[in-house]
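For reference, the structure is listed below as structure tokens.
Only the coordinates and a few stated rules stand behind these numbers; no lab work does. What you are looking at is a predicted structure, and each value in this text was computed from that prediction instead of being measured. We place every Cβ from the backbone using ideal geometry, glycine too, and count neighbours over all the protein chains shown.
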Amino acid sequence: MGVASPLGITVEDFWKNLLDGDTGVATLTDIDLSKCRTKFGAPVRGFDPEEHFSHRERKRLSRATQLGLLASDQVMAGLDSLNGDPYRRGVIIGSSIAGYSAAEAHFKDYYAGPAKGNPFVISKVMNIAPGSNMSIRYGFNGPLVTTDAACASAAQAVGFAYQQIQHGFMDMALVGGADTSLTPAVMQAWSKMRVLSERNENPAEACRPFSRDRDGIVLGEGAGVLLVESESSARGRGAEILAEVSGYAATSDGHHITQPSEEGPSEAMRLALENAGLAPEEVDYINAHATATQWNDKNETNAIKKALGEHAYDVPVVGIKAAIGHSIAASGALELISVVLSIRDNIVPPTINVFEPDPDCDLDYVTEGKRAVEINHAVSNSFAFGGSNAVVVVSRYTGY
């Protein structure tokens, strides 16, 4: 696994800071947000492009692509040379809003400036750019697919790769997401929707999942990449197997472009557990989508109750977007990585900033700090604008 996150650019830094209840949300001082009510976000911590990419690379690679390569380089650094057919190694990466962010400077130049133009614009702004550059860099010549399901993009990427490997079309794939929305025009567009938190007095406490006084999303950026492969491939090369993708399901709300239904998410959870061959009572942990909007958090709470019944009250439910912001297409990948780490260490991070309990959100959100939990099966939820729902079930690998 590899990360580029607001809590650090190594997996262990990300994990330590997440467990400690740290947050990467801060006032943004390097972009002009004078037209935006919200002045803060969650930028990747500790990333200096000049330390990782040459001048030529920085000109032709968007920030999302740079973050994706930073994360995927960590994955590949842990691999010995790969044998076998490169056409059975795929790259399935989610990216959604990064194209807008990368194109912003070009359109500003075109409409307000001398319009000199840049020959790299198209290849930079394509949402396939993060995945394509991974494929080129590592010689993965199998399926190259970009998933754009907004906030569910990375989870859909994992699910697509899971199915492709199950059906014998690939041996392994780099999966996950890379995205950024921290540019003035993109942030202003989100602000106009009135879905962003506007607590500028203390940005670190702005995002408050499941709290009565929650007032919206905090935008972030980042990348999370995992290597998913068949059991035979992993065991054949002597890999350390961190966890097993045991189930996946996707649904559409078919309801509203921005307001989720309860039925779509709950059915996605039910179908994912069915795909994994698990009963609701076997779920030990849920990583929630938890955007901290009034609508989503109540809706997700009710969907979990529908899917798990009374067992919902016995399961720790954690939302980490208060710590890492909402990196749109990358969020599901960073959350899934945290789930794998929870399984590895039998511990879950806290949901921070729940200052005022909401009676409509009455599950166990682990608000007191990190908690030791024995985890064999965990659920990772990703629900998106447009009504796209993706649920990945991850289990402890015990061999067969």
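Figures for the structure shown
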| item | result |
| --- | --- |
| For region 242-259, 3J(HN,Hα) per residue [Karplus equation, 6.51 cos²θ - 1.76 cosθ + 1.60, θ = phi - 60°, Hz, x = Gly/Pro] | 7, 5, 10, 6, 9, x, 7, 7, 9, 9, 10, 5, x, 10, 7, 5, 10, 10 |
| In nm, spacing of pseudo-spin labels at Glu50 and Trp295 (7 Å Cα→C-beta vector) | 4.4 |
| Where labels lie 7 Å past Cα in the beta-carbon direction, separation of Ser34 and Leu82 in nm | 4.8 |
| Convex hull of region 244-395 built on C-alpha atoms - directionally averaged projected area, nm² | 7.8 |
| Qualifying lysines (Cα of each under 24 Å from Cα of Lys306; at least 8 residues distant if same chain) | Lys298, Lys321 |
| Cα-only Debye scattering, the chain: base-10 log of I(q)/I(0) at q = 0.07, 0.08 Å⁻¹ | -0.28, -0.37 |
| D (Stokes-Einstein, µm²/s), Kirkwood Cα radius, region 136-278, 1.567 mPa s at 4 °C | 72 |
| Paramagnetic label zone (point 7 Å from Cα along Cα-to-C-beta, Asp362; backbone N under 15 Å) in region 205-233 | 212 |
| Whole-Å distance, taken between Cα centres, linking region 189-220 and region 3-59 | 18 |
| Theoretical gain in end-to-end length, Asp345 to Arg235 [0.36 nm per residue, Cα-Cα removed] | 37.4 nm |
| Estimated inter-spin distance, His311 and Asn200, nm [label 7 Å along Cα→Cβ] | 4.7 |
| Mean ellipticity per residue at 222 nm, deg cm²/dmol - from DSSP H runs of n ≥ 4 across the chain, formula -39500 (n - 2.57) | -10500 deg cm²/dmol |
| Segment Asp73-Arg60, extension gain: residue separation times 0.36 nm, minus the distance between their alpha carbons | 2.9 nm |
| Magnitude of the charge dipole, the chain, Cβ model with Lys/Arg +1 and Asp/Glu -1, debye to 20 | 1480 |
| Per-residue HN-Hα couplings for region 128-137 [Karplus 6.51, -1.76, 1.60; θ = phi - 60°; Hz; x = Gly/Pro] | 7, 4, x, x, 4, 5, 5, 4, 5, 5 |
